Amino acid sequence: FWAAAARRRLRWIRTFDTAQDCDLSRGKIRWFEGGRLNVSVNCLDRHVDTCPEKVALIWERDEPGSEVKVTYRELLEMTCRLGNLLRRRGVKRGDCVTIYMPSCPMAVASMLACARIGAAHNVVFAGFSAEALSERIRDAQSSTVITVNQGVRGGKVVELKKTVDEAVRSCSSVQQVFVAMRTEKPAEMTAVDVALDEEMLKEEVVCEPAAMDSEDVLFLLYTSGSTGKPKGLVHTQAGYLLYAALTHRYVFSYQDGDVFGCVADIGWITGHSYAVYGPLANGGTTVLFESTPVYPNPGRYWETVQRLGINQFYGAPTAIRLLLKYGDQWVQKYDRSTLKTLGTAVGEPINTEAWEWYHRVVGDGRCPVVDTWWQTETGGICISPRPAEPGAEIIPGMAMRPFFGIQPVLMDAEGNVQNSTEASGALCIAQPWPGMARTIHNDHQRFLETYCHPYPGYFFTGDGAYRSKDGYYQITGRLDDVINVSGHRIGTAEIEDVVNQCPVVAESAVIGYSHDIKGQGVYAFVVLKQGVDAQKGDVSQQLKDMVSKRIAKYAGPDCIQLVKRLPKTRSGKIMRRVLRKIVERELESLGDLSTLDDPTAVQEIIQGHKELC
Ligand code: 6R9
């Protein structure tokens, strides 16, 4: 199946010898070996051959009504100029270029220019702090960074170049920073900075594509795990592209001529697969959304749908929940008759109320809603309805059915595959698929330990799931300490790490809790050092600022509860399970507390929580 799809849907420089050579238990995943191709040729040149003037990108800028359209011919030219510039400036095949930019055509051209010359890209979400950025640049060992002078989001200017300046101070690997102009304001240029727009104009519009092996690295993308530093997941060329293209076409019923509107930022996997690679591989027209759902008002998405004639809209549950609260009138003001399919996922489950509203109000009850389950690790959608298929049923709040070639299994606590149709358990995938991540950059051992060893022979997703008697899947949430705040994935350990570095903090425990709009909010239990007066200075504000500065704004705790001590086992492990129950007000199911070192700690925390909330 995959060999036939790869032959039909990709343009090869040299055709592959074997479809796959995989052994999940050893974390060996290889697809289409012997094959050579160039991803940028697949996303650009082959469409330029047939329809050069077709619009590839619609850049929906922050300022409503100022969209910019870029044709396939223009995007190929930009990509080639940029590819030539990178090459001339010493970027070589196998290097990794860090991209710190908002969603815009120059960012897409940067990704594709890397692909053109055989460099890997590492896009870092432009909401990350200087410290988070520098950690990712260092881990990826990038010598080149591409950024913009300033970003613009929700009517506000964001000083992205300044953040890069701060970040690269602690990155000895960085030799050059290309700066594109998003606003008029000239950036203060340092010795390593290069004016991107100007330099690009000096380059040729033809750039020889590198012939890449199927399993060469296409990109790294950092994501959070339950412990340790964020990990740079590695995706490769052919398998990733094929999987993104096929899922884009079949899950959303994308047809030639449709305008595809994925509003996720390119800094996340959703932006990579469904704003860039999937739609471009299919020769589609894709929207790059730079703004927010509420700027200049809560009608922004639907005004954009009307103005651009969007046919498939793919958004996050957190935004849908937020817009639902503003009322139907913001939706009904605009003509949404072009919409055919509505998608959700982007990191979290959608509750039934939001699903129904999306379906009934946004889609006027006529557009199927696809709740898509997947991860940075999976490269593309793995479980989702495919409404175009005859008899396909959709149940609100369920991710429904596996995609072609995906074999989900549910494991019980002992690690046995659950054979009955109706079951719950840890969600694993039994067979490799072309879009899956191949390893963690510089840490294959961690890849094995996280994904391959928990259930030998299976890929472990970290999520729990329920399978109904009809065989449909529903995702029940993470089984580890990863949480999802407004669709942004973060490990609670990363937040604890920052909180614990505050001079007045002795220790802390951070958990996620249900939040009406964000899906999950961040709740921090903090023990101050002895003798510190909590009243002196605002510890809570200080901690929030620290987390925003060190990680990103969205990771800042929504609630901080100062406690005398944390509930721990006798061996000193913090019992986060108990803390979660307290915050979710499930006091009757606190579970077995007999292993606790000091059970009175729990009573104090319950009391403190009542007073706080
Ligand atoms: C694509 C993306 C992945 C985590 C994943 C899971 C959660 C994703 C979901 C869902 C319920 C869905 N998740 N899709 N939960 N229903 N349809 O967002 O990747 O940022 O890596 O997050 O998001 O917990 O493990 P990523």
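The values are calculated or read from the model by the stated rules, or taken from the named source; none is laboratory data. Please read all numbers here as calculations on a predicted model, not as lab measurements. For neighbour counting, all protein chains shown are included, and Cβ atoms are generated from backbone atoms with ideal geometry for every residue, glycine included.
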Inset, instruction - Just give me the residues in the stretch 204-244 being surrounded by 19 or more Cβ atoms within 10 Å (Cβ to Cβ) and more than 30 Å from G35 (Cα to Cα), in sequence order. - result: S224, G225, P230
Inset, instruction - All but one of (1) at pLDDT 90 or above; (2) polar (S, T, N, Q); (3) in contact with a Ser or Thr (Cβ under 9 Å, 6 or more places away or on another chain) hold for T439, so report the exception by its number. - result: (3)
Inset, instruction - Note down all Cβ pairs under 7 Å where the first residue falls in the stretch 287-306 and is without any contact (Cβ under 8 Å) to a residue 60 or more places away in the chain, the second is among the hydroxyl-bearing types (S, T, Y), and they're at least six residues apart or on different chains. - result: P293/Y301; P298/Y326; G299/Y334; V305/Y334; V305/T338; Q306/Y334
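Residue-wise test of (1) assigned to a loop (DSSP other than H, G, I, E, B); (2) on the phi < 0 side of the Ramachandran plot.
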site: L233; (1), (2): no, yes
site: S253; (1), (2): yes, no
site: A264; (1), (2): yes, yes
site: V276; (1), (2): no, yes
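Would it be correct to say that G435 is crowded, with 18+ Cβ neighbours inside 10 Å and either within 13 Å of the ligand (Cβ to nearest atom) or not polar (S, T, N, Q) (or both)? First the steps, then the outcome.
Working: crowded, with 18+ Cβ neighbours inside 10 Å: yes; either within 13 Å of the ligand (Cβ to nearest atom) or not polar (S, T, N, Q) (or both): yes.
Yes.
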Inset, instruction - Answer yes or no: is there a residue in the stretch 323-345 that is farther than 25 Å from H272 by Cβ and within 16 Å of the ligand (Cβ to nearest atom). - result: no
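Could you pull out the residue among G27, G94, G35 that is surrounded by fewer than 18 Cβ atoms within 10 Å (Cβ to Cβ), under 19 Å from L218 (Cα atoms) and among the small types (G, A, S)? Even if it seems obvious, please write down each step before you answer.
Values: G27 fails: surrounded by fewer than 18 Cβ atoms within 10 Å (Cβ to Cβ); G35 fails: surrounded by fewer than 18 Cβ atoms within 10 Å (Cβ to Cβ).
Step by step, each of G27, G94, G35 is checked, and only G94 is surrounded by fewer than 18 Cβ atoms within 10 Å (Cβ to Cβ), under 19 Å from L218 (Cα atoms) and among the small types (G, A, S).
Return the residue satisfying two criteria in turn: it lies in the stretch 465-481 and is on the phi < 0 side of the Ramachandran plot and not in a loop (DSSP other than H, G, I, E, B), and of such residues it is farthest from the ligand (Cβ to nearest atom).
Of the residues in the stretch 465-481, the ones on the phi < 0 side of the Ramachandran plot are 465-470, 472-476, 478-481.
After this cut, where a residue has to be not in a loop (DSSP other than H, G, I, E, B) as well, the list is 465-467, 473-476, 478.
Values: A465: 9, Y466: 11, R467: 14, Y473: 9, Q474: 8, I475: 4, T476: 8, R478: 5 Å.
Result: R467.
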Legend entry - Single unsatisfied condition, V578 versus (1) part of a loop (DSSP other than H, G, I, E, B); (2) under 21 Å from G521 (Cβ atoms); (3) of a type in the set (A, V, I, L, M): (1)
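Tell me, yes or no, whether the stretch 201-219 has at least one residue that is aromatic (F, W, Y), assigned to a helix (DSSP H, G or I) and closer than 19 Å to L44 by Cα.
So in the stretch 201-219, the residues aromatic (F, W, Y) come out as 219.
If we keep only those that are assigned to a helix (DSSP H, G or I) too, we end up with none.
Checked against the condition, which is being aromatic (F, W, Y), assigned to a helix (DSSP H, G or I) and closer than 19 Å to L44 by Cα, the stretch 201-219 yields no hits at all.
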Inset, instruction - Name every residue in the stretch 332-348 that is outside any strand (DSSP E or B) and either crowded, with 24+ Cβ neighbours inside 10 Å or not aliphatic (A, V, I, L, M) (or both), in order of residue number. - result: Q332, K333, Y334, D335, R336, S337, T338, K340, A345, V346, G347, E348
Inset, instruction - Kindly check whether there is at least one residue in the stretch 538-545 that is of a type in the set (A, V, I, L, M) and within 34 Å of the chain's Cα centre (by Cα). - result: yes
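What number of residues in the stretch 438-454 are surrounded by 20 or more Cβ atoms within 10 Å (Cβ to Cβ) and either among the charged types (D, E, K, R) or more than 14 Å from the ligand (Cβ to nearest atom) (or both)?
Residues flagged as surrounded by 20 or more Cβ atoms within 10 Å (Cβ to Cβ) and either among the charged types (D, E, K, R) or more than 14 Å from the ligand (Cβ to nearest atom) (or both) within the stretch 438-454 amount to 5.
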Inset, instruction - Could you please find all residues in the stretch 389-434 being of a type in the set (G, A, S), outside any loop (DSSP other than H, G, I, E, B) and farther than 23 Å from G379 by Cα? - result: A423, S424
Legend entry - Test result for L427, among the aliphatic types (A, V, I, L, M), within 16 Å of the ligand (Cβ to nearest atom), modelled with pLDDT under 95 and touching an Asp or Glu at 6+ places or on another chain (Cβ under 9 Å): no
Legend entry - Test: A493 is away from the ligand (no atom under 12 Å from the Cβ), modelled with pLDDT under 95 and surrounded by fewer than 22 Cβ atoms within 10 Å (Cβ to Cβ): yes
Inset, instruction - Could you look through the stretch 346-383, keep only residues that are over 30 Å from G239 (Cβ atoms), small (G, A, S) and modelled with pLDDT of 95 or more, and pick out the one that is nearest to the ligand (Cβ to nearest atom)? - result: G363
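Looking at the stretch 245-283, which of the residues that are within 13 Å of N42 (Cα to Cα) and touching a residue at least 60 places away in the same chain (Cβ under 8 Å) is surrounded by the most Cβ atoms within 10 Å (Cβ to Cβ)? I'd like the intermediate steps shown before the answer.
From the stretch 245-283, those within 13 Å of N42 (Cα to Cα) are 245, 276-283; that's our starting set.
Still in the list and also touching a residue at least 60 places away in the same chain (Cβ under 8 Å): 245, 276-278, 280-281, 283.
Numbers: A245: 27, V276: 23, Y277: 30, G278: 28, L280: 28, A281: 27, G283: 20.
Result: Y277.
Quick check, is S514 over 24 Å from the mean Cα position of the chain (by Cα) and assigned to a strand (DSSP E or B)?
Numbers: over 24 Å from the mean Cα position of the chain (by Cα): no; assigned to a strand (DSSP E or B): yes.
Taking the combined requirement at face value, the residue does not satisfy it.
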Legend entry - Selection from the stretch 349-375 of residues that are within 24 Å of the chain's Cα centre (by Cα) and assigned to a loop (DSSP other than H, G, I, E, B): P349, I350, N351, P368, T372, W374, Q375
Inset, instruction - Working carefully through the options S40, S110, S103, S25, find the one that is farther than 25 Å from Y301 by Cα and touching a strand residue (DSSP E or B) at 6+ places or on another chain (Cβ under 6 Å). - result: S110
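Check whether at least one residue in the stretch 314-333 is under 20 Å from L242 (Cβ atoms) and in contact (Cβ under 8 Å) with a residue 24 or more places away in the chain, and report yes or no.
For the stretch 314-333, residues under 20 Å from L242 (Cβ atoms) and in contact (Cβ under 8 Å) with a residue 24 or more places away in the chain: present.
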Legend entry - Unmet criterion (only one of (1) surrounded by fewer than 13 Cβ atoms within 10 Å (Cβ to Cβ); (2) part of a helix (DSSP H, G or I)) for S594: (2)
